[in-house]
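*Asks:* I have a structure I would like to understand better, so I am pasting it below and will then ask my questions one at a time.
Quick note: the coordinates plus some simple rules give every number you see, no bench work behind them. Because the structure is predicted, anything quoted here is derived from the model rather than measured. All Cβ positions, even for glycine, are placed from backbone atoms using ideal geometry, and neighbour counts span all protein chains on display.
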Amino acid sequence: MKTSRQEHAATFSEDLDLHYLELLRAKAPYEQCRRELLKLEKHWLRKAKTAAQRLAVQRIITSTLLTETYGNRLPWKEFGRWLRRIQKLGFHDLGMRVHVACLYVQSLHLFPRQAREAWEMLADAEQSALRLRRDRPLRQEHLESISHAKKVARVPSPPSMT
């Protein structure tokens with residue numbers, strides 16, 4: 001039997017939004033959030049008709065879980081798990097790449113040994129953003145996100161990268 005939430009959610013994005021909003025309202029702990037999002041991923045992977053649809057579901061769920069690990073200040077074991085998964089799945093667009101790189105650099109105080117890799121990822125995302133045409137609105141948005149991440153990072157860039 002479908003719940004009212006499932007009846008109203010016609011698309012994966014709508015279903016994710018509804019689930020995630022419920023978790024936020026309930027102030028659900030990370031473990032519950034992880035379980036619920038992975039259950040949602042499994043449901044939508046079964047419904048996906050193409051490999052591209054399955055990949056999109058996996059990327060979005062993984063990105064959401066990575067953001068949750070950042071927000072909960074979780075250690076490398078959990079953050080790294082989702083970072084590696086999103087890297088393996090590939091970034092759907094430059095916005096996702098910038099988002100992930102910014103989270104990585106901003107969370108380095110929890111796992112400073114990863115500094116070189118995180119700063120390299122941010123530098124790579126910045127170079128990609130700089131290659132966008134100047135009249136593209138997302139160019140400035142990405143560069144502002146990167147600039148902010150650099151300002152608030154508690155672990156500085158390694159000396160050879162400056």
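*Asks:* Measure out, as a whole number of angstrom, how far apart the alpha-carbon centroids of segment 82-130 and segment 131-158 sit.
*Replies:* 12 Å
*Asks:* Same structure again: Gap in Å between the Cα centre of segment 40-59 and the Cα centre of segment 14-33?
*Replies:* Between the Cα centres of segment 14-33 and segment 40-59 lies a distance of 19 Å.
*Asks:* Okay, next question. Taking the mean number of other Cβ atoms within 10 Å as a proxy for protection, how do you rank 102-108, 124-130, 64-70 from highest to lowest? Intermediate results must be reported in sequence, preceding the final value.
*Replies:* Details: 102-108: 22.6, 124-130: 16.7, 64-70: 20.4.
Packing order, densest peptide first, comes out as 102-108, 64-70, 124-130.
*Asks:* Determine, from the Cβ-Cβ distance of Lys27 and His148 and an R0 of 35 Å, the FRET efficiency 1/(1 + (r/R0)^6), rounded to the nearest 0.05.
*Replies:* The calculated FRET efficiency here is 0.85.
*Asks:* Something else now. Let me know the shape class of segment 32-94, please: from the alpha-carbon gyration tensor, a ≥ b ≥ c as square roots of the eigenvalues, rounded when a/c is under 1.5, otherwise prolate if a/b is greater than b/c, or oblate.
*Replies:* oblate
*Asks:* Here are some pairs, Lys27/Lys49; Lys47/Lys77; Lys49/Lys88; which of them have Cα atoms lying more than 26 Å apart in this structure?
*Replies:* The pairs that break the limit, which is 26 Å between Cα atoms, are Lys27/Lys49; Lys47/Lys77.
*Asks:* Need the full-extension length gain, Trp76 to Gln127, defined as separation in residues times 0.36 nm minus the C-alpha distance. One decimal, nm.
*Replies:* Working: separation 51, 0.36 × 51 = 18.36 nm, distance 2.59 nm.
This chain segment gains 15.8 nm when fully extended.
*Asks:* Mean 1/r over all different Cα pairs, inverted: what Kirkwood radius does segment 84-146 give, in Å?
*Replies:* 12.1 Å
*Asks:* Grab the DSSP H runs of the chain that are 4 residues or longer, score each as -39,500 (n - 2.57), total them, divide by all residues and round the 222 nm result to the nearest 500 deg cm²/dmol.
*Replies:* After summing the helix terms and dividing by the residues of the chain, the value is -23500 deg cm²/dmol.
*Asks:* What's the longest uninterrupted piece of the chain once you rule out the trypsin sites (Lys or Arg not before Pro) that are loop residues per DSSP with at most 13 other Cβ within 10 Å?
*Replies:* Maximal segment without exposed cleavage sites: 74-130.
*Asks:* Once a ≥ b ≥ c are taken as the square roots of the eigenvalues of the Cα gyration tensor of segment 48-162, is the result rounded (a/c under 1.5), prolate (a/b larger than b/c) or oblate (a/b not larger than b/c)?
*Replies:* Cα axes put segment 48-162 in the oblate bin.
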